[in-house]
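Scroll down for the structure; my scribbles are underneath it.
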Amino acid sequence: MSIELAARMIFLGKKAATLDDARRTAEKHLVDLSAYKKLKQVVAAQGGNPQALDKFELLPNATGMREIASPRAGYVSLINAQDIGAASNLIGAGRDKKEDAIDPAVGIILEVKTGEKVDAGSVLCRLYYTREDRVEEAAEMVEDAFRISGQKPDERELILEVVG
């Protein structure tokens, strides 16, 4: 997805004659690390520490972690991204008002994708938090975001439509 998005931006910016050329350009910049160097420049320009991209221990760390397990065996047929986002917000990864602080140490890491087979009890995702006051509510929201079905869902294209 990232290569395709980068390729379309390169093509629209008239830096490549064709979309295929643009894809090759995007892949080249990944391989030669020039894209990574540019990312470090962007992090620095926004006031972040670009060294944290090489030394993860420089990043803030959550103090707690909670795993969300599959209630049954089957296939992940749906993950409601809106519910995952709302749960992330509850644990401090977002804000309701612009005055609210964002906690950079918290978040949710999905361990499965739609269409993946899971066993009962296998980890669907992990919540990382620094405050416990809304973890239970967030965990319930995340649990409800996953749909496990007995049948493997039909595969979908990664890009459904290109507008414009």
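The values are calculated or read from the model by the stated rules, or taken from the named source; none is laboratory data. All of these numbers come straight from a predicted model, not from anything done at the bench. Virtual Cβ from ideal backbone geometry, glycine too; neighbours counted across all protein chains shown. We work out accessible area using only protein heavy atoms, side chains counted, and drop any ligands, DNA or RNA first. Shrake-Rupley method; radii C 1.70, N 1.55, O 1.52, S 1.80 Å.
Please specify each residue of the range 28-75 satisfying the condition of being of a type in the set (Ser, Thr, Tyr) and touching a Pro at 6+ places or on another chain (Cβ under 8 Å).
Step one: filter the range 28-75 for residues of a type in the set (Ser, Thr, Tyr), giving 34, 36, 63, 70, 75.
The answer is 75, and nothing else.
Here are 102, 68, 79, 109: which of them is out of contact with any strand residue (DSSP E or B) (no Cβ under 7 Å at 6 or more places or on another chain) and among the hydrophobic types (A, V, I, L, M, F, W, C)? Spell out the reasoning first.
Values: 68 fails: out of contact with any strand residue (DSSP E or B) (no Cβ under 7 Å at 6 or more places or on another chain); 79 fails: out of contact with any strand residue (DSSP E or B) (no Cβ under 7 Å at 6 or more places or on another chain); 109 fails: out of contact with any strand residue (DSSP E or B) (no Cβ under 7 Å at 6 or more places or on another chain).
The match here is 102.
Scan (1) open to solvent by 30 Å² or more (accessible area, probe 1.4 Å); (2) in contact (Cβ under 8 Å) with a residue 24 or more places away in the chain for the single condition residue 70 breaks and write down its number.
All conditions are met except number (1).
Inspect the range 12-19 for any residue being under 22 Å from residue 161 (Cα atoms), in a helix (DSSP H, G or I), over 20 Å from the mean Cα position of the chain (by Cα) and touching a residue at least 12 places away in the same chain (Cβ under 8 Å) and give the result as yes or no.
yes
On the given criteria, is residue 116 farther than 29 Å from residue 6 by Cβ, surrounded by fewer than 18 Cβ atoms within 10 Å (Cβ to Cβ) and at pLDDT 95 or above?
Working: farther than 29 Å from residue 6 by Cβ: no; surrounded by fewer than 18 Cβ atoms within 10 Å (Cβ to Cβ): yes; at pLDDT 95 or above: yes.
Against the criterion (farther than 29 Å from residue 6 by Cβ, surrounded by fewer than 18 Cβ atoms within 10 Å (Cβ to Cβ) and at pLDDT 95 or above), residue 116 does not qualify.
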